[in-house]
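J.: Provided herewith is a single structure, encoded as structure tokens, for subsequent inquiry.
The values are calculated or read from the model by the stated rules, or taken from the named source; none is laboratory data. Since the structure is predicted, the reported quantities are computational estimates derived from the model, not experimental observations. We place every Cβ from the backbone using ideal geometry, glycine too, and count neighbours over all the protein chains shown. What goes into the accessible areas is simple: the full protein's heavy atoms, side chains included, and nothing from ligands, DNA or RNA. Shrake-Rupley method; radii C 1.70, N 1.55, O 1.52, S 1.80 Å.
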Amino acid sequence: AGIFIERGENITVRGVEIEGNGNGFFVASGDSEEVLSRDILLERSRIYGNGTVKVANDRYHNIYTEAAGAIFHVNDIGPLREGSGGAALKDRSSGTVIRNNRIEGGSRTLDLVDAQESFPVTSKLPEYNTTLVYGNILINGQVGASNMIHYGGDSSVENIYRKGTLYFYNNTVIVRADQSARALTALFDASTSDENIDARNNVIFVGPATSGSPSTVLAWMRNEGNLKLGANWVTPGVKEWRDGKAP
């Protein structure tokens, strides 16, 4: 990793540029208070061009964090190394706040999943069930994510998934991909029917990457979860479910 926080509290990383690593910015935590990373802030930094191609290409990300309290503020994130299958930002923290960033690329724009080693501690915190994503510009291009924002878990142990609410407010989402490159794109990919997404006051634009070509078709959701919509501006033609679920 470019920066590897193995265990740490009250750490601010500001004004750095991280490029050309496996994981760009990495934060680890253990299974007790003594080995728990806590209150991490990454801000005003540029994180791009990380990830691997030949070895476990989906296991390395621009940002990969697990802590009790993680804030990402005013960063420029992505795209990853060409050929990498990693996420732009993957997080397993409690109390995650992603605000006012520009985030582009990745097999997932945001991958917000269950805690691993820290679960015995962080799962008891009320903020484990609340994730805030607001004021960001999220860009998904021709070679990009079929499922942009993953929320819940990926361990296949569903009882440790977040099972809370992702609050998605005041964001600008730009999807530019031809239908020939990606027929369908889901904005949200909730892991189970216990995951909730509250989306309000966002601007969501969908268009082709090539002038005159039909664009990818955007869906609000992939195939699971509960979506609550306030007022949003969205390009016409957005579906409810990517995978053909009943309305």
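J.: For segment 166-175, in order, what is each residue's ³J(HN,Hα) by Karplus, 6.51 cos²θ - 1.76 cosθ + 1.60 with θ = phi - 60°, in whole Hz (x at glycine and Pro)?
T.: 9, 8, 10, 10, 6, 9, 10, 10, 10, 10
J.: Place a +1 charge on the Cβ of each Lys and Arg in the chain and a -1 charge on the Cβ of each Asp and Glu, then give the dipole magnitude about the Cα centre in debye, rounded to the nearest 20.
T.: Dipole size: approximately 720 debye.
J.: Let me ask something else. Cα-Cα over 19 Å: which of LYS163/LYS228; LYS124/LYS163; LYS124/LYS228?
T.: Beyond 19 Å: LYS124/LYS228.
J.: Can you give the accessible area per residue of segment 7-132, in Å², using a 1.4 Å probe?
T.: Per-residue value: 40 Å².
J.: Summing +1 for each Lys or Arg and -1 for each Asp or Glu, what net charge is found among the other residues whose Cβ lies under 9 Å from the Cβ of ALA209?
T.: 0
J.: What's the center-to-center distance, using Cα atoms, between segment 15-85 and segment 208-225 in Å?
T.: If you average the Cα positions of each part, the centres end up 27 Å apart.
J.: Per-residue ellipticity at 222 nm for the chain, helices alone: DSSP H runs ≥ 4 residues times -39500 (n - 2.57), over residue total, nearest 500 deg cm²/dmol?
T.: 0 deg cm²/dmol
J.: Averaged per residue, what accessible area in Å² does segment 199-247 show with a 1.4 Å probe, protein chains only?
T.: Normalised by residue count, the accessible surface of segment 199-247 is 56 Å².
J.: Enumerate the calculated ³J(HN,Hα) couplings along segment 24-36 in order (Karplus 6.51 cos²θ - 1.76 cosθ + 1.60, θ = phi - 60°), each rounded to whole Hz, writing x wherever the residue is Gly or Pro.
T.: Per-residue couplings from phi come out as x, 10, 10, 10, 10, 9, x, 9, 8, 4, 5, 10, 9 Hz.
J.: Based on the mean of other Cβ atoms within 10 Å per residue, sort peptides 50-59, 106-115, 190-199 so the most packed one is first.
T.: With the highest mean Cβ count within 10 Å placed first, the list reads 106-115, 190-199, 50-59.
J.: Suppose every K and R has +1 on its Cβ and every D and E has -1 on its Cβ; what is the size of the dipole of segment 126-247 about the Cα centre, in Debye to the nearest 20?
T.: Its charge dipole is roughly 320 debye.
J.: Still on this structure, please answer the following. Given [x] 16.3; [y] 21.1; [z] 12.5, which label gives mean projected area of the Cα convex hull in nm² as computed from the coordinates?
T.: Only one listed value fits the structure, namely [z].
J.: Could you tell me the largest-minus-smallest coordinate of the C-alpha atoms of segment 118-247 on each of the three principal axes, in descending order and whole angstroms?
T.: 52, 28, 28
J.: Taking the Cβ of GLU34 as the center, what net charge do the other residues with Cβ under 14 Å away carry, scoring Lys and Arg +1 and Asp and Glu -1?
T.: -3
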